[in-house]
Amino acid sequence: MIDAAASKLINEQVGHEFAAFLQYVAHAAWFEGEALPELARYFSAQAEEERGHALKMVKFLNDTNQEIAIPSIPAPVGSFASVEEAVRLAHTQEVRVTEQIKAIYDAAAAANDRLTQNFLQWFLEEQVEEVASMDALLRVARRAGDDVFRVEDYIAREGHPEAGAPAK
Ligand SMILES: [Fe+2]
Ligand SMILES: [Fe+2]
């Protein structure tokens, strides 16, 4: 029903999404330990979104009668030198995931696999949002420097567009 190469890449992407989930759980735990509750909440919400992304892909593979082979997930980074470093890692992760989704889209397009291309549209839009919000947070963290409570204030004030929303 869908292209075999695309199917394999989506299985790998399930692993990347679960890795992102674990990474944001680790981010949230580290922020919690640093007594930065707004950042902790923000990253807990991000973690739930990543879990939702993985499960959405598993459902698509099931719905299209594909074999599901979830890869092993690498351990997340658990501690950071600074808030800025933590946010930079999150930003790098979002940029990398965007490239991964684009590569799956390209494989599907090369195979004229319209179902997978259509499925991935949502993820491409989501990545534009996630890179933009991490980019904004990174710029705020850079400006704040050691005054990390300014980052807390920013999140408290701006919130997050999808904060509190159920994982998709
Ligand atoms: Fe994701
Ligand atoms: Fe993400």
Can you give me the relative contact order of segment 20-168 as a percent, contacts being Cα pairs under 8 Å and 6 or more apart?
31
Length gain on complete extension for the stretch V95 to A132, per 0.36 nm per residue less the alpha carbon to alpha carbon distance?
12.3 nm
Length added when fully stretched, E34-N118, from 0.36 nm per residue minus Cα-Cα:
26.1 nm
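So what is the 222 nm mean residue ellipticity for the chain from helices alone, if each DSSP H run of at least 4 adds -39500 (n - 2.57) and you divide by all residues, rounding to the nearest 500 deg cm²/dmol? Spell out each step's value before the answer.
Working: 5 runs with 126 residues, N = 168.
Calculated at 222 nm, the ellipticity per residue is -26500 deg cm²/dmol.
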Here the Kirkwood hydrodynamic radius of the chain, Cα-based and in Å, equals 16.6
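What's the magnitude of the charge dipole for segment 58-168 around its Cα centre, counting Lys and Arg as +1 and Asp and Glu as -1 at the beta-carbon? Answer in Debye, nearest 20.
Approximately 60 debye in magnitude.
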Once you order the gyration tensor axes a ≥ b ≥ c over the Cα atoms, which shape class does segment 94-149 get: rounded for a/c under 1.5, otherwise prolate or oblate by comparing a/b with b/c?
prolate
Formal net charge of residues neighbouring S72 (Cβ-Cβ distance under 15 Å; K, R +1; D, E -1)
-2
Residue-count net charge about F31 - beta-carbon cut-off 10 Å; Lys, Arg +1, Asp, Glu -1
-3
Sequence-distant residues sharing a close amide H with G159 (under 5 Å, placed H):
none
What is the packing order of peptides 97-108, 7-18, taking the mean over residues of other C-beta atoms within 10 Å and listing the highest first?
7-18, 97-108
Applied in sequence order to segment 66-82, the curve 6.51 cos²θ - 1.76 cosθ + 1.60 (Karplus, θ = phi - 60°) yields integer Hz couplings, x standing for Gly and Pro, of 8, 6, 9, 9, 6, x, 6, 10, x, 5, x, 6, x, 9, 9, 6, 7
Rounded to whole Å², per residue accessible area for segment 46-168 with a 1.4 Å probe reads 55
Could you check how much of the accessible area of the chain is carbon and sulfur, as a whole percent, using a 1.4 Å probe?
54
Once phi is turned into ³J(HN,Hα) by the Karplus curve 6.51 cos²θ - 1.76 cosθ + 1.60 with θ = phi - 60°, what whole-Hz value does each residue of segment 98-105 show in order, with x for glycine and proline?
4, 5, 5, 5, 4, 5, 5, 4
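The values are calculated or read from the model by the stated rules, or taken from the named source; none is laboratory data. Computed from a predicted model, the values in this text were never measured in an experiment. Methodologically, a virtual Cβ is constructed for each residue, glycine included, from the backbone with ideal geometry; neighbour enumeration extends over all protein chains shown. The accessibility values were calculated without ligands, DNA or RNA, using every heavy atom of the protein model including side chains. Shrake-Rupley method; radii C 1.70, N 1.55, O 1.52, S 1.80 Å.
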